[in-house]
Amino acid sequence: MNKQVRVLQIAFTYIGTIVGAGFATGREILQFFTQYGYLAVFTILLSTVLFIFLGSKMMTLSRAIGAASYEDLNRHLFGERFGSMISLIMLIILIGVNSIMLAGAGSVFMENLHFHYQTGLLITIAGSFLILRRGMSSILYMNSLVVPMMLMMSLLIVTKTATLPGADRFITMTGDHSLPSVWLAPLLYTAFNLVMAMPVLVPLGSQTGSTKVVRFGGILGGTGIGLMLISAHFALSARMPGISQFEIPMGSIAQQLGWYVQIVYVILIFLEIFSTFVANIYGITLQLQQRTTLHPRLITLTIMIICYLMSQFGFSSLLSILYPLFGILCLFWAARLSLFGLSASRKL
């Protein structure tokens, strides 16, 4: 395969895995960046640098050690015993987050496309199972279609926002938050999202034949994430504080641009949820293959059934307990990765 094409595929998959439902709806950007006013421009820049550096390093290191799953990388970073313990915590969180993601897909079908909630869940599960039969190639192909559309939508929203009276608010808006909370936000955001992206980024790096291709894909992908962050922050800032009351603030912005833009954006939100769901299921399956002798498709189906059952009852109470622990774990993991040497990969 042409190296330039492979670099783009890695970059798009990196972007698509990070840009999940929280990013696409705008809630994460409001919570971690926009609410802090003009300082968000600088914290987004910090987050972008971290996405470039840590994302590239994760994939390059995964290739160097031939990691079959994110558990292999964790064992390499933390040792056999502690690495396995961290992977187990990540497994619980990933299944919980995937359950919520599946519930979100059902809500999109019900609220915006007027399907029954259960129909949305079953369509998402069936579509995911069929796509996962093709493995990593299907994830690369799917993100190569979805991410460019998301980038074009972001460009359209930025262009329209530039004509508004409050277009300069992203550099003039102030906040009353303490500086430690302002600068902790991008660290938490980046660390959390990188750990959530591990299930697909680790095998993606490991299965790519060239270290340079992996590195450039990570650089381009991290840069793309930064550009999407700043474009969303620009659009949200111009409509603050009113936009913060909406559950899906970016959807509200899209609605202001016309019904056809809103429909396209709703579809894109679902596709982002879908692509992230597929990628996470793929990564969890790879990890569990190392712990069991079950057939991969049976593992995938079992995980999906668990996610389906959890999506009926919600998982918020358990996640409210696990999320603080997971936030600390993510920062610890990101710090370990950033300080870990890449001498092995330099020999390749």
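The values are calculated or read from the model by the stated rules, or taken from the named source; none is laboratory data. Note that the structure is a prediction, hence the values are computed from the model and not measured. Here the Cβ is made from the backbone with ideal geometry for all residues, glycine too, and neighbour counts use every protein chain on show. Please note that ligands, DNA and RNA were not included when accessible areas were found on the heavy atoms of the full protein model with its side chains. Shrake-Rupley method; radii C 1.70, N 1.55, O 1.52, S 1.80 Å.
Please work out how many pairs of lysine residues in the chain are eight or more positions apart (or on different chains) and have Cα atoms closer than 23 angstrom.
Lysine pairs satisfying the spacing and distance rule in the chain number 6.
Quick check: at a probe of 1.4 Å, how many percent of the accessible area of the chain sits on carbon and sulfur atoms?
69 percent
Sort out for me the Cα centre separation of the range 172-238 from the range 45-111, rounded to whole Å.
First find each Cα centre; the distance between them is then 13 Å.
Using a Gaussian network model of the chain whose springs link C-alpha atoms within less than 10 Å, name the residue from Met196, Met310, Met250 with the highest mean-square fluctuation.
Met310
Which of the following values of Rg/Rh (Cα atoms, Kirkwood Rh) was calculated from the structure shown: (1) 1.01; (2) 0.95; (3) 0.98?
(2)
Around Ala235, under 15 Å between beta carbons, what's the net of Lys plus Arg minus Asp minus Glu among the other residues? Display every interim value, and only then the final one.
On the way: positive: Arg27, Lys160, Arg169, Arg239; negative: Glu28, Asp168.
With Lys, Arg at +1 and Asp, Glu at -1, the net is +2.
Not counting ligands, DNA or RNA, and with a 1.4 Å probe, what is Arg75's accessible surface area in Å² rounded to the nearest 10?
Here the accessible area works out near 80 Å².
Among the helices of the chain (complete DSSP H runs), which have Cα atoms covering no less than 20 Å along the helix axis and a Kyte-Doolittle mean of at least 1.0?
In the chain, the long hydrophobic H runs are 40-65, 80-111, 117-132, 136-161, 179-206, 211-237, 259-289, 296-313, 316-339.
So if I restrict to the alpha-carbon atoms in the range 180-291, what is the Rg, and what is Dmax, the biggest pairwise distance, in Å?
Looking at the range 180-291, its Cα Rg and Dmax stand at 17.4, 50 Å.
Among Arg63, Arg239, Arg81, whose mean-square fluctuation peaks in a Gaussian network model of the chain (Cα, cutoff 10 Å)?
Arg81
First check a/c for the range 22-104, with a ≥ b ≥ c the square roots of the eigenvalues of its C-alpha gyration tensor; if it is under 1.5, answer rounded, and if not, answer prolate when a/b is larger than b/c or oblate otherwise. List each step's numbers first, then the result.
Working: a/c = 2.64, a/b = 1.47, b/c = 1.79.
Note, shape of the range 22-104 comes out oblate.
Largest first, how would Thr13, Thr172 line up by accessible area (1.4 Å probe)?
Accessible-area ranking of Thr13, Thr172, largest first: Thr172, Thr13.
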